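Here's the structure, in structure tokens; my notes come after.
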Ligand SMILES: [Zn+2]
């Protein structure tokens with residue numbers, strides 16, 4: 001499936017539909033305006049000019065969030081070097097709000113309670129999952 005930012009400069013192609021989308025309430029997800037699905041980097045192709053941002057209120061941020069340099073829409077995130085050193089370059093996130101809704105029909109929308117997650121172990125959910 002293919003996703004576009006607001007202005008169309010960024011095109012993201014993922015090789016498979018996701019099993020689920022996270023509508024997370026943590027500060028990063030809320031303030032970047034993103035609903036993430038997670039993929040192996042080999043599954044994702046991003047074209048166009050994006051700008052990366054790493055939050056500065058964490059000593060070792062795990063994610064670098066990218067946005068379109070033209071329209072500013074949040075597009076994806078990649079792992080930082082420290083996260084890759086710890087876990088390998090095994091994951092990236094794509095903002096599913098950039099997808100055509102019809103492309104996500106039947107996918108589960110989950111509501112993790114990222115705001116109250118302690119950084120390790122299982123996280124809770126704010127409410128029941130929905131089907132998109
Ligand atoms: Zn754009």
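Readers should treat all values here as calculations from the given coordinates under stated rules, not as data from a laboratory. What you see is a predicted model; the values in this text were computed from it and never measured.
Brief remarks follow.
- Choice from 110, 60, 35 showing the highest fluctuation, given a GNM over the chain with Cα pairs closer than 10 Å: 60
- Column: log10 I(q)/I(0), Debye, Cα scatterers of the chain, q = 0.22 Å⁻¹: -1.54
- Directionally averaged shadow of the stretch 1-71, computed from the convex hull of its alpha-carbon atoms, nm²: 5.3
- Structural descriptor for the stretch 2-131: relative contact order 29 percent, calculated from alpha carbon pairs under 8 angstrom and at least 6 residues apart.
- Extension gain, residue 84 to residue 16, is 22.2 nm, computed as 0.36 nm per intervening residue step minus the present C-alpha separation.
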